[in-house]
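Encoded as structure tokens, the structure appears first; notes follow it.
The values are calculated or read from the model by the stated rules, or taken from the named source; none is laboratory data. Since this is a predicted model, take the numbers as computed values, not measurements. Don't worry about glycine lacking a Cβ; one is built from the backbone with ideal geometry, like all the others, and counts go over all protein chains shown. Side chains included, ligands, DNA and RNA excluded: accessible areas come from the protein's heavy atoms. Shrake-Rupley method; radii C 1.70, N 1.55, O 1.52, S 1.80 Å.
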Amino acid sequence: MATTQLLSLTGVSKEFPGVKALNNVRFDLNEGEVHAIVGENGAGKSTLMKILSGIYKKDTGDIVYKGNHVNVSSPLEAQKLGISIIHQELNLMPDLTVAQNIFIGREDRRKGRVFLDNAKLNKAAKELLDELELVLDPKQIVGELTIAKQQMVEIAKAVSYRGQVIIMDEPTSSLTPSETEALFKIIRTLKAAGKGVVYISHRLEELSKITDRITVIRDGEYVKTLTTTETSIPEVISLMVGRKVDQDQRPEARPLSNEIVLKVEGISDLNLLRDVSFDLRKGEILGFAGLMGAGRTELARALIGADPKTAGKIFLHGNEIKIKNPSDAVKAGIGYLSEDRKKYGLLLIQNITFNVILSSIPSFSNKFGFLKTKPAGSIVRDVIKKLSIRTPSENQYVKNLSGGNQQKVVIAKWLTRDCEILIFDEPTRGIDVGAKDEIYKLLTKLASEGKAIIMISSELPEILRMSDRIAVMCEGKLTGIIDNKDADQNKIMQYATKFRD
Amino acid sequence: MSEAVKAVESEVEGGNRLSAFAKREIGRVLALGSLVVIFIFFTIMRPVFASWENVSGGILMSTTVIGLLAIGTTFVIITGGIDLSIGTATALVAIIVGKTVMALDLGVVSGMIVGVVVGGLVGVINGLLITVLKLPPFIATLATMKAAQGLALIVSDMKPVLFTTDVKGWDSIAQGNLIPKIPNGVLILFVGAIIAAIILNKTVIGRYTFAIGSNEAATKLSGVKVNNWLVAIYGLGGLYVGMAAVVLTSRLGSARPDLGLGYELEAIAAVIIGGTSLLGGKGTISGTIIGALIMAVLVNGLRILELQQEWQYVITGIVIVIAVWGDNVRRRRAGETS
Ligand SMILES: Nc1ncnc2c1ncn2[C@@H]1O[C@H](COP(=O)(O)OP(=O)(O)OP(=O)(O)O)[C@@H](O)[C@H]1O
Ligand SMILES: [Mg+2]
């Protein structure tokens, strides 16, 4: 089959105040091809795609689409050309239904052209969802869906434009393996229909399954375009980060202390959690594994008082403590990193310093309530360096950071608060291999400094690599706690599906 | 050589800092610029406009009440909330101050304290309705707005409370001159503004005001007792309502139960013209003061031009549109996404 070029970008540059996000980057896409873009956090992947979809204006560069020079000046323009994008961050309207979200801006109207034809809308959505083999009810309110399901709605929406080019910016970061498979099936169908797919992901093992070519960018510069069948993950990684990164190393068995920092007894909540009990020891990383919906996030939220508990006791160093709201938890030295950083973790319109010190304001103020900004500045600069957050300064607005760097800001917040117990909910979601490695090292370091860490993760390799012990949940119950040395993926999956079928 | 390099570097950095400053402050610089332009326009039309009598007695004095209300409500609006009750609460506080001062034979200072405390209490009630009963700020303060309007009429028996003649020095709260040529009311406004700016930018409550307006859920999960702080912030706004009420009675020599309704919208307009976002998370006190001054200058200038009051309203409406639209355009140019 002769390949027809669909799209090519050359010499694309883009500068934000203080940041050269892209410098002379090129990229091209053929019909019926899946072309991946990989690179570290802040490398410029999303920026390039936002230029292609009309959200940002490029400073320089040329876009050729189906043989014509085009100027994609707005998202509407991109839509007209047939370029649609699934953004890294979800962009759905939570109060509208699935069907209303998919067809927003293109609603069907009844004969008189005044009233909306909801029946027709739902039918069209149903047909689309069936075609994509997605099990979703068109009439369901999107805000009530899990993040993974919402991601599926985004995918359906992008496909519904019937464009030639579909851009997917980290579509799988919140999907389980089976949902990822479902997405791959959709991608293969698109491919067979001659469409071009741009695929961005930090899950490098996905590349060999679904992509034809891989373009690597680093620090806003084009590095290389590889043919997937002729390369390997280690090669991709070394091009991405410019050095070697060890993958999937299990920790040397660290001596576990016997000191129990946190004891949780019989926690239940209104919906899902039933009688969950566990101990957390000093200097330990306790991994929480399970399928989506197993109740791990719910457990964390109940623990820190963000959601009400119906039963259960919590002991800190042997003394019972009452945690009624998150401020009680923070006071007791328990910090929580939410899996949804944009909604629950960050103040996007404020700068890095503001976000980092938010949990520690009492220690950055005197007894009259005046803030001490000078020490805050230097502490924040230190933690930026420690976590290598990529930013021109500590005064950068968080909304201008790349996704991975935003996650590091949340981590920086809790490090600055100096909590004794840290609950990381999906700490490496959307984070590149290099930074992942840094965050793993950081977690290990924190543990060896004596902090007690709970790490919720849906990635089994991550759980196996990081945890001293692994707690597995299924349908709101704790089904087992395994020592790392006795654990493997099969065993964890057994516990994780104990009550299913 | 290294010295020279360092000098150059520091100069470059200084330059960057200056341009960063200009960029950050451009909204307020533009607002201030418009204020000056409007001022010059009226001065050319009627030179008497720029006389000190008109500036201090006409423009600045007439800004005091709305200005104080606007300062307090800037905090509320930065949290992403709104306070509709400040207008009628001003009337209620004024009546209560008048009645208490007369009944207990209080002096100037105790009278002022009564005003500020009662104002603060109204704010705290708003805060409790919002946090304990979980009413949206718009609804909660709409309710207190109506209730305060009614209570002012009930407590006063629908009659103004006159107290200048009996309370020695009450008129000097607003009209005296601690500093020569500057009416005390104006002094109170500017001192109140400086204190508010310090609270907003340098203290914990100010920091949490911005945090709550930026993302309430994330602020709560960071361990901040959002509800308590919200009550405090509405209470702080109420303190300024109390001060505004005291200044108003001093200017009028009486407390009138029917005066106050509508002040809330003028105060909110001043805040918005000053560049504070109704969506929360952004705003400044100096912007608010400039906004209040722009409105006062317009009203005063149009009156001097003998334009009818009806037209003053229309022009104020147009100014609000231009101010907020101009700010939007500027933000878009600067590449800020909302
Ligand atoms: N609106 C903006 N204003 C200022 N800087 C920005 C803006 N958008 C992006 N940047 C900067 O441009 C660089 C590239 O960001 P981009 O989001 O494209 O990275 P990315 O490769 O998608 O990273 P990630 O994998 O973390 O999503 C980063 O340094 C980021 O901070
Ligand atoms: Mg990105």
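Some observations on this one:
- Ordering A:Phe424, A:Phe370, A:Phe103, A:Phe16 by accessible surface, largest first, gives A:Phe370, A:Phe16, A:Phe103, A:Phe424; the 1.4 Å probe counts only protein heavy atoms, with every chain in place.
- Using alpha-carbon coordinates, inclination of helix B:285-304 to the longest axis of chain B, degrees: 60
- With both labels modelled 7 Å from their Cα along Cα-to-Cβ, the A:Lys374 to A:Lys80 distance reads 5.8 nm.
- Summed over both chains, the accessible area lost when B and A associate is about 2200 Å², using a 1.4 Å probe.
- Qualifying trypsin sites (Lys or Arg not before Pro) for the stretch B:76-160 [loop in DSSP, other Cβ within 10 Å: at most 14]: B:Lys134
- Total charge dipole magnitude, the protein assembly as shown, about the Cα centre, Cβ charges on Lys, Arg, Asp, Glu only, Debye to nearest 20: 780
- Acute angle (nearest 10 degrees) that the helix A:433-448 long axis makes with the longest principal axis of chain A, alpha-carbon atoms: 10
- Solvent-accessible surface, computed for protein heavy atoms with a probe of 1.4 Å, shrinks by 30 Å² or more for the following residues of the stretch A:300-348 when the other protein chains are added to the isolated chain: A:Pro326, A:Ser327, A:Tyr344, A:Leu347.
- Within the protein assembly as shown, percent of DSSP bridges classed antiparallel, to nearest 5: 60
- Computed with a 1.4 Å probe over protein heavy atoms only, the accessible area of B:Tyr313 comes to about 150 Å².
- Order of exposure, largest accessible area first, which applies to A:Glu170, B:Glu266 with probe 1.4 Å: B:Glu266, A:Glu170
- Rounded, prolate or oblate (a/c below 1.5 giving rounded, otherwise prolate when a/b exceeds b/c) for the stretch B:180-338 by Cα gyration tensor: oblate
- Dividing the summed -39500 (n - 2.57) terms of all DSSP H runs of n ≥ 4 by the residue count of chain A sets its mean residue ellipticity at 222 nm at -9000 deg cm²/dmol.
- In chain A, Cα pairs under 8 Å separated by at least six residues give a relative contact order of 16 percent.
- Sites A:Asp117 and A:Lys20 - FRET efficiency at Förster radius 41 Å, r taken between beta-carbons, to 0.05: 0.25
- Label point distance in nm, A:Val64-A:Lys209, each placed 7 Å from Cα along Cα→Cβ: 3.5
- Accessible surface, per residue, of the protein assembly as shown when the full set of protein chains is kept, probe 1.4 Å, Å²: 45
- Of all DSSP-defined beta bridges confined to chain A, some 55% are antiparallel rather than parallel.
- Using a Förster distance of 22 Å, the FRET efficiency for A:Ala192-A:Met93 (Cβ separation, nearest 0.05): 0.10
- With contacts taken as Cα pairs under 8 Å and at least 6 residues apart, the stretch A:261-496 reaches a relative contact order of 30 percent.
- Taken over the stretch A:157-238, the percentage of Cα pairs per 5 Å bin, counting from 0 up to the bin with the maximum distance, is 3, 12, 24, 24, 20, 12, 4, 0.
- Relative to the globular-protein estimate of 2.2 N^0.38 Å, the Cα radius of gyration of the stretch B:161-211 stands at 1.63.
- Estimated distance in nm for a label pair at B:Ile113 and A:Asp418, the labels positioned 7 Å out from Cα along Cα-to-Cβ: 4.0
- With Cα atoms, 0 to 90° folded angle of helix B:86-104 axis to chain B main axis: 50
- The charge dipole of the stretch A:163-301, taken about its Cα centre with unit charges on the Cβ of Lys, Arg, Asp and Glu (plus for the first two, minus for the last two), comes to roughly 280 debye.
- Centroid-to-centroid separation of the stretch B:230-272 and the stretch A:167-244 [C-alpha atoms, Å]: 60
- For the stretch A:286-333 and the stretch A:71-121, distance of Cα centres in Å: 40
- Nonlocal amide H pairs with A:Phe288, under 5 Å, H built at 1.01 Å: A:Met455, A:Ile456, A:Ser457, A:Ala471
- Distance from the Cα centroid of the stretch A:414-465 to that of the stretch A:1-28 is 34 Å (rounded to whole angstrom).
- At the listed q of 0.26 Å⁻¹, the Debye profile of the stretch A:1-56, built from one uniform point per Cα, gives log10 I(q)/I(0) equal to -1.16.
- Gyration tensor verdict on the stretch B:119-228 (Cα atoms; rounded if a/c is under 1.5, prolate if a/b is larger than b/c, oblate otherwise): oblate
- Element breakdown for the stretch B:2-337 at a 1.4 angstrom probe: carbon and sulfur atoms account for 69% of the accessible area.
- Measuring r between the beta carbons of B:Leu133 and A:Thr310 and using R0 = 30 Å, the FRET efficiency lands at 0.80.
- Solvent-free Debye scattering, log10 I(q)/I(0), computed from the Cα coordinates of the stretch A:5-241 at q = 0.09, 0.13, 0.17, 0.18 Å⁻¹: -0.38, -0.79, -1.28, -1.40
- Beta bridges per DSSP with both ends in the stretch A:261-496, % antiparallel, nearest 5: 55
- Considering only alpha-carbon pairs that sit under 8 angstrom and 6 or more positions apart, the relative contact order computed for the stretch B:2-337 is 32 percent.
- In chain B, helical runs assigned H by DSSP with n ≥ 4 each contribute -39500 (n - 2.57); averaged across all residues and rounded to the nearest 500, the mean residue ellipticity at 222 nm is -25000 deg cm²/dmol.
- Cα gyration tensor shape for chain B, rounded if a/c is under 1.5, else prolate or oblate: oblate
- Neighbour-limited loop hits for trypsin sites (Lys or Arg not before Pro), the stretch A:111-143 (at most 15 other Cβ within 10 Å; DSSP other than H, G, I, E, B): A:Lys111, A:Arg113, A:Lys139
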